[in-house]
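Shown next, in C-alpha cells, is the structure this report addresses.
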Amino acid sequence: MSFVPFAYLRVHQPNHRQPTDPSSKPIVSNMPKLKPETLEARREHILNASELCFARSGFHGCTMADICTEAGISAGALYVHFESKEALIAGIVERDRTRLTEHFAELANAPDLAAALSQLGEHYAVDEPQYKRILNLEIAAEATRNSRIAEICLACDRFVIDNLAELIARATQQDRIRPANSARETALMLCVIGEGLFWRRAVDAAFDAKSLMPSVMGSIAALLNAVPASETEELSSSGRVPALEGQQ
C-alpha cells in the first residue's frame, strides 16, 4: 500500500517581477481574504483535479494549465497553493498519509487484525476508482527519474512499513498472531501483496479484485497465523496477555 508524502515541502508564492519604473507604486489587491476552511476546501479541490490529470495524462503529459482547467480555477488561484507539479504530488501523498494514519489507528484497536486488514485492503483494491491505482503507478514511475518524487515516495513507503511492523509486533506480543517471520518481514510481505493488487487493478480494466480478495486474505491470514479467538479470550482472561487499548 505504498503510495502513496510529504511535510518536507514548503509551498512558496511564485516570484513576481518588480516594476522597473521607480515612480510606479505596487498594486494593492482589494480581494477579500478567504476563510481558512474555504482555502482548505479549494486546496482539496485542486488535489482532486490534479489526481485525475496525472492519472489521465501522466506527470509529464499533464500541465499546470490542464489542472487549472480541470479544477475550473485561474492560474493565480492554483499557485497560491502549489508552485509546481512536484508540490502537487507532495500534497497528494501527504493527504494519503493523513488518511493512512487514521486507518492505522483503527487497526491498532481492532480485535481481529486479519479481518481489519481485509476491510482496509478491499477499500483500496476494490472500492476506490481505478484512476487512483493508475496514479500510484504514475507517481512510482516518476520516482525512478525524479529525485524529489523519489524522496516523497520513499518517505511514505517507510511510514507504511514502520506502522504495519509496529502493529504486527504488538499483536504478536499480545499472542493474537504468531507469524513465522519477523514483524518487519511480515509487513514487507503485506506491502508486496498490496502493491501487486494495485498494479493489476491499474493495468487491467477487467480485473475483478473483489472476487480475488478471499484468496488474498487467506494468504494474509496464513502469514499472520492468527490465534483462534477462543484461545485468545482464555489467555486474556487469565491475565497472560495485556488487554487491548480501549478495552481496559
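Each part gets one Cα centre, and for region 150-165 versus region 59-96 those centres are 23 Å apart.
Positive end of the dipole of region 36-237 (Cβ unit charges, origin at the Cα centre): among 144, 173, 92, the Cα lying farthest that way belongs to 144.
Ranked by the mean number of other Cβ atoms within 10 Å per residue, highest first, peptides 167-177, 207-217 order as 167-177, 207-217.
Provide the packing ranking of 151-161, 67-77, i.e. peptides ordered by the mean count of other C-beta atoms within 10 Å per residue, highest first. Show your work: numbers first, answer last.
Working: 151-161: 19.1, 67-77: 14.9.
Highest mean packing first, the order is 151-161, 67-77.
Against the empirical 2.2 N^0.38 Å (N residues), region 129-191 has a Cα radius of gyration ratio of 1.40. Summing Cβ point charges (Lys, Arg +1; Asp, Glu -1) relative to the Cα centre of region 36-237 gives a dipole of roughly 420 debye. Between amide H atoms placed 1.01 Å from N, distances below 5 Å from residue 226 occur with 178, all of them 5 or more places distant or on a separate chain.
According to the square roots a ≥ b ≥ c of the eigenvalues of the Cα gyration tensor, what is the shape class of region 55-123, taking rounded for a/c under 1.5, prolate for a/b larger than b/c otherwise, and oblate for the remainder?
Working: a/c = 3.75, a/b = 2.65, b/c = 1.41.
Verdict is prolate for region 55-123.
Volume per residue of the convex hull around the Cα atoms, evaluated for region 36-237, comes out as 129 Å³.
Semi-axes, largest first, in whole Å: what does sqrt of 5 times each Cα gyration tensor eigenvalue give for region 164-209?
29, 9, 7
Each reported figure results from applying straightforward, stated rules to the coordinates on display, with no laboratory input. Model, not experiment: these values are computed from the prediction. Every residue, glycine as well, gets a Cβ built from its backbone with ideal geometry; the counts of neighbours run over all protein chains shown.
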